[in-house]
Amino acid sequence: MPFYKCITLAGTFAQAQKEEIVGEITRIHCEATGGLPRFVQIQFEEVKADDIFQNGKPSHAVRLHARIRAGRDAATKLRMLRAYTDLIGRVARVSVEDIMVAFVETSYENIMEAAIRLPPPGEEKFWLAQFHNTVPAEAKLRL
């Protein structure tokens with residue numbers, strides 16, 4: 001957690017642009033939330049031109065959907081939304097009117113990483129202190 005999905009028309013981004021977006025989403029998320037880069041997951045989904053619509057018409061908009069842990073304050077989420085919008089506009093070279101960024105919030109009780117339930121926002125330090133002591137051995141290999 002978090003899980004970001006960037007939906008674009010096929011061919012919108014070259015590999016280098018995807019890597020730039022991945023690095024910046026990870027940085028923005030971690031700086032805003034205090035999260036660890038290890039947990040930031042990002043997926044690109046490319047669709048055909050006849051599979052994406054807005055206002056009843058084919059669209060070339062770029063969409064960034066993020067499932068994030070609930071409990072962040074509104075000001076933090078707004079800063080993140082603005083930073084992601086700026087990032088997509090700069091890298092994709094599309095107008096802000098063609099960018100949609102949205103958060104779907106999930107309660108910490110419903111999230112598990114490496115077989116450990118995530119903590120509520122604000123309790124990350126205690127959780128991190130426990131993390132390496134309680135993570136299953138097979139999961140430690142992936143850290």
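The values are calculated or read from the model by the stated rules, or taken from the named source; none is laboratory data. This structure is a prediction, so every number in the text was calculated from the model and none was measured. So basically every Cβ, Gly included, is an ideal-geometry build from the backbone, and we count neighbours across all protein chains shown.
Of all residues in region 9-29, at least one satisfies being within 19 Å of residue 127 (Cβ to Cβ) and of a type outside the set (Lys, Arg).
Any residue at all in region 62-70 that is farther than 30 Å from residue 127 by Cβ and either among the β-branched types (Val, Ile, Thr) or at pLDDT below 95 (or both)? Within region 62-70, one or more residues are farther than 30 Å from residue 127 by Cβ and either among the β-branched types (Val, Ile, Thr) or at pLDDT below 95 (or both). Taking the criterion of being closer than 23 Å to residue 81 by Cα and either at pLDDT below 85 or in contact with a helix residue (DSSP H, G or I) (Cβ under 6 Å, 6 or more places away or on another chain) (or both), the only residue of region 104-118 that qualifies is 118.
If we keep just the residues of region 69-121 that are of a type in the set (Val, Ile, Thr) and assigned to a helix (DSSP H, G or I), which is surrounded by the most Cβ atoms within 10 Å (Cβ to Cβ)? This residue is 88. Residues in region 18-38 that are surrounded by 14 or more Cβ atoms within 10 Å (Cβ to Cβ) and free of Cβ contacts under 8 Å to residues at least 12 places away in the same chain: 27, 30. Cβ contacts < 9 Å: first residue over 14 Å from residue 25 (Cβ atoms), restricted to region 72-98; second residue among the aromatic types (Phe, Trp, Tyr), any location; separation 6+ or different chain. Result? The qualifying pairs are 72/103; 77/103. Among the residues in region 39-52, are any surrounded by fewer than 13 Cβ atoms within 10 Å (Cβ to Cβ) and in contact with an Asp or Glu (Cβ under 7 Å, 6 or more places away or on another chain)? The answer is no; no qualifying residue exists.
Taking the criterion of being in a loop (DSSP other than H, G, I, E, B) and loosely packed, with under 15 Cβ neighbours inside 10 Å, the residues of region 7-17 that qualify are 10, 11, 14.
Just one of the listed residues (102, 115, 129) is of a type in the set (A, V, I, L, M, F, W, C) and without any contact (Cβ under 8 Å) to a residue 12 or more places away in the chain, and it is 129. The conditions of being of a type outside the set (Phe, Trp, Tyr) and out of contact with any strand residue (DSSP E or B) (no Cβ under 8 Å at 6 or more places or on another chain) are not met by residue 69.
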